[in-house]
Amino acid sequence: MTGVDAASAPWWREAVIYQVYVRSFADADGDGVGDLAGIRSRLPYVRALGVDAVWLTPFYPSPQADAGYDVSEYRDVAPIFGTLDDFDGLVRDAHGLGLRVIVDLVPNHTSAEHPWFRAALAASAGSPERARYIFRDGRGSGGDTPPNDWGSNFGGGAWTRVTEPDGVPGQWYLHLFAPEQPDLDWTNEEVRAEFELILRFWLERGVDGFRVDVAHGLAKDPEMPDLAGNWAVSGPALEGHPHWDRDEVHDVYRGWRRVSDSYPGERTFVAEAWVQSPKRLALYLRPDELHTAFTFNFLLASWDAASLRSAVDESMAALAGVGAPATWVLSNHDVARHVTRYGDGQLGTRRARAAALLMFALPGGAYVYQGEELGLPEVTELPDGARQDPTFFRTGGAELGRDGCRVPIPWSGSEPPFGFGPSAASWLPQPREWAELTVERQASDPGSMLTLYRNALSLRRRLPALGDGQLAWVEAGQDLLAFSREPGFLCIVNLADRPADVAKELLPTGAGVVLASGPIDADGRIPGATAVWFARD
Ligand code: GLC
């Protein structure tokens, strides 16, 4: 580690965290949906992978209109996922194995089935019950036009009109996502107080941190201006946007940081904030706010040396300004799996292998989305009848949505559901070809993606140059991304599809190849779409 005292650096500055998509990881009770007991039984696998922590996607009571990101009770476990006792057992087992546990916090909106929203519907316009959400009168003489032109992230408008208790059409409420996910009003003191209690509830149960859902969405311009003419209706978070990345959100996070700091241990927050630039992202990570945030510019960068290098540079420079580490990520439950994004098939897989070595060599922390360590591709052939993502329905099928990256992962055997659960059920169907990609098949194969991830993560723990710290770019040639880290480490990625020569004098003195994402030629050239780690080992 460079410039940071290894003994005192907090764990989250360089952690590798495994994202468990709870519905699709492991099903203990055979209903076709993953659950906490299933996760618990598979923790030794996660430990053996070599990560430091798990992030669990929402497992709270929910009508599942958006796969659990519509929470109807923030302090409990949904029966389909288990019980609070299962949760406590999971945390106990994880901690026993040396794994930390991060849970998902969904503060931008509740479920429409949340008692607060039911009470808001039963109450009248202007009531304290409605004041926890964003209710407005419609425009036009009958109030039958939405209050403004904001759009839902899942397609369609962001406003839904309610029927008042006396049966007449009434006010409209805002939902930046599905109508089943009404947005909370974060200027409301009750909302703020409630979320601090929710944080305390889970902190007291022993969680090590929170992933903050839609961290850039909590504040809205009280004037509620139309977007037309100024901003794209479903566009990115540009400066001054009326509902994305507004400066008022930061005050919320300062309050949360005071709460988390009052607990022993190094409890942490990671923000999901889709903002315009790394500079804007850095604002969330000022020393009295959140600890880390996904640097999505890396995920969004195309497979070429210049765009990856500038994504890394821009993130690291902006975050260094506030003393925060970068947090790299290649895939999650909202984007197409990177094997497919990088070209699919053999080429996509080769590039994904190289990308993993790049990511794990970069300074900071990293997230691994379940199944990427198996090299799973996006499932593009799901039957329409199986799809569940609200995006698919709200766009009339024009956008397929995110189900293709959420298919339950294959553990063993040669037939679906590949050991996912004890019955044949699986909430999304798995492709038959996944028989080749099971954990069982890959665990003993020295050339598998799983073996590459295990080797990379074990080296990452062992090599003092990796984790938190700095990098220095090395000019190795066109299409090559190369950087060194002290002491004695060099990562070279060949982004081109043909082999490249590497000058011997670029290698750190005494360093040899410690890991490569693909076979390297005896002549010292680096094949196309391949990454190599050199170190003194
Ligand atoms: C976040 C989640 C996504 C969810 C949305 C609304 O982007 O990652 O899955 O649909 O928030 O809660």
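No lab work stands behind these numbers, since they all come straight from the coordinates. Worth saying up front: this structure is predicted, and the values here are computed from it rather than measured. Note that we place each Cβ from the backbone using ideal geometry, even for glycine, and neighbour counts take in every protein chain shown.
Any chance you could list the semi-axes, whole Å, largest first, of the equivalent ellipsoid that the Cα gyration tensor gives for segment 380-429, using √(5λ)? Intermediate results must be reported in sequence, preceding the final value.
Numbers: eigenvalues 125, 16, 13 Å².
The equivalent ellipsoid of segment 380-429 has semi-axes of 25, 9, 8 Å.
Would you please calculate the Kirkwood hydrodynamic radius of segment 468-535 over all C-alpha pairs and express it in Å, rounded to one decimal?
Working: mean 1/r = 0.0839 Å⁻¹.
By the Kirkwood definition, the hydrodynamic radius is 11.9 Å.
Would you calculate the volume per residue, in Å³, of the smallest convex hull containing every Cα atom of segment 28-132? Numbers along the way, then the final one.
On the way: hull volume 11.6 nm³, N = 105.
Cα-based convex hull of segment 28-132, divided per residue, equals 111 Å³.
Under the √(5λ) rule applied to the eigenvalues of the Cα gyration tensor, what semi-axes describe the equivalent ellipsoid of the chain? Give them in Å, descending.
On the way: eigenvalues 318, 134, 105 Å².
Equivalent ellipsoid semi-axes, largest first: 40, 26, 23 Å.
Taking the highest mean first, how do the peptides 295-308, 9-22, 436-449, 320-333 order by number of other beta carbon atoms within 10 angstrom per residue? Intermediate values should be presented prior to the final figure.
On the way: 295-308: 17.8, 9-22: 22.6, 436-449: 15.8, 320-333: 21.0.
In decreasing order of mean packing, 295-308, 9-22, 436-449, 320-333 become 9-22, 320-333, 295-308, 436-449.
What is the ratio of the Cα radius of gyration of segment 200-259 to 2.2 N^0.38 Å, with N the residue count, to two decimals?
Relative to the 2.2 N^0.38 Å estimate, segment 200-259 comes out at 1.44.
Once phi is turned into θ = phi - 60°, what whole-Hz ³J(HN,Hα) does the Karplus curve with 6.51, -1.76 and 1.60 give for every residue of segment 85-102, x standing for Gly and Pro?
Rounded to whole hertz, the list is 5, 4, 4, 4, x, 5, 5, 4, 5, 4, 4, x, 8, x, 9, 8, 10, 10.
So what are the ³J(HN,Hα) numbers for segment 526-532, from phi and the Karplus equation (6.51, -1.76, 1.60; θ = phi - 60°), rounded to whole Hz, Gly and Pro as x?
Computed from phi, the couplings for segment 526-532 are 9, x, x, 6, 9, 10, 10 Hz.
State, as an integer percentage, the relative contact order of segment 468-535 based on alpha-carbon contacts under 8 Å between residues 6 or more apart.
On the way: 136 pairs, mean separation 21.7, N = 68.
The normalised contact order for segment 468-535 reaches 32 percent.
For segment 115-122, what does the Karplus curve 6.51 cos²θ - 1.76 cosθ + 1.60, with θ = phi - 60°, yield as ³J(HN,Hα) per residue in whole Hz, taken in order and with x for Gly and Pro?
With the stated coefficients, segment 115-122 comes to x, 5, 6, 4, 5, 5, 5, 6 Hz.
By average Cβ neighbour count within 10 Å, what is the ranking of 407-419, 454-466 from highest down? If you can, show how the numbers build up before the last one.
On the way: 407-419: 20.3, 454-466: 18.5.
The packing order, highest mean first, is 407-419, 454-466.
Given the options Gly98, Val214, Pro242, identify the residue whose Cα lies farthest towards the positive end of the charge dipole of the chain (+1 on Cβ of Lys, Arg; -1 on Cβ of Asp, Glu).
With unit charges placed on the Cβ atoms, the residue in question is Gly98.
Once a ≥ b ≥ c are taken as the square roots of the eigenvalues of the Cα gyration tensor of segment 115-174, is the result rounded (a/c under 1.5), prolate (a/b larger than b/c) or oblate (a/b not larger than b/c)?
Details: a/c = 1.98, a/b = 1.29, b/c = 1.54.
Oblate, since a/c reaches 1.5 and b/c is not below a/b.
List the residues whose amide H sits under 5 Å from the amide H of Gln19, counting only those 5 or more places along or on another chain, with H placed 1.01 Å from N in the peptide plane.
Residues meeting the criterion, in which the H sits 1.01 Å from N, are Trp55, Val368, Tyr369, Gln370.
Take peptides 170-179, 251-260, 339-348 and line them up by average Cβ neighbours within 10 Å, highest first, as a rough protection proxy.
Working: 170-179: 22.6, 251-260: 16.6, 339-348: 18.4.
Descending packing order for the listed peptides: 170-179, 339-348, 251-260.
I'd like the antiparallel share, as a percent to the nearest 5, of DSSP beta bridges with both residues in the chain.
On the way: 29 of 54 bridges.
Counting only bridges with both partners in the chain, antiparallel ones make up about 55 percent.
Grab the DSSP H runs of the chain that are 4 residues or longer, score each as -39,500 (n - 2.57), total them, divide by all residues and round the 222 nm result to the nearest 500 deg cm²/dmol.
On the way: 13 runs with 136 residues, N = 537.
Here the helix-only value at 222 nm equals -7500 deg cm²/dmol.
For segment 290-347, max minus min Cα coordinate along each principal axis, in Å, sorted largest first?
Reported extents, whole Å, longest axis first: 40, 26, 12.
Would you please give the residues with an amide H less than 5 Å from that of Gln171, counting only those at least 5 places away or on a separate chain, with H modeled from the backbone geometry?
Sorted by chain and number, the residues that satisfy this are Val162.
Once you have all Cα-Cα distances for segment 203-349, histogram them in 5 Å bins from zero and send the whole-percent values.
2, 9, 16, 18, 18, 15, 11, 6, 3, 1, 0
With only Lys, Arg, Asp and Glu charged, each at its Cβ (+1 for the first two, -1 for the last two), find how big the charge dipole of the chain is about the Cα centre; round to the nearest 20 debye. Write down the numbers at each step before the final one.
Numbers: 48 positive and 74 negative charges, 261 e Å.
That gives the chain a dipole magnitude of about 1260 debye.
Rounded, prolate or oblate: which fits segment 150-255 when a ≥ b ≥ c are the square roots of the eigenvalues of the alpha-carbon gyration tensor, with rounded for a/c under 1.5 and prolate only if a/b beats b/c? Could the numbers behind the result be given before it?
On the way: a/c = 2.07, a/b = 1.33, b/c = 1.56.
Because a/c hits 1.5 or more and a/b fails to exceed b/c, segment 150-255 counts as oblate.
Quick one: which residues, 5 or more positions from Thr268 or on another chain, have an amide H under 5 Å from its amide H? H modelled 1.01 Å from N in the peptide plane, none for Pro or chain starts.
Gly209, Phe210
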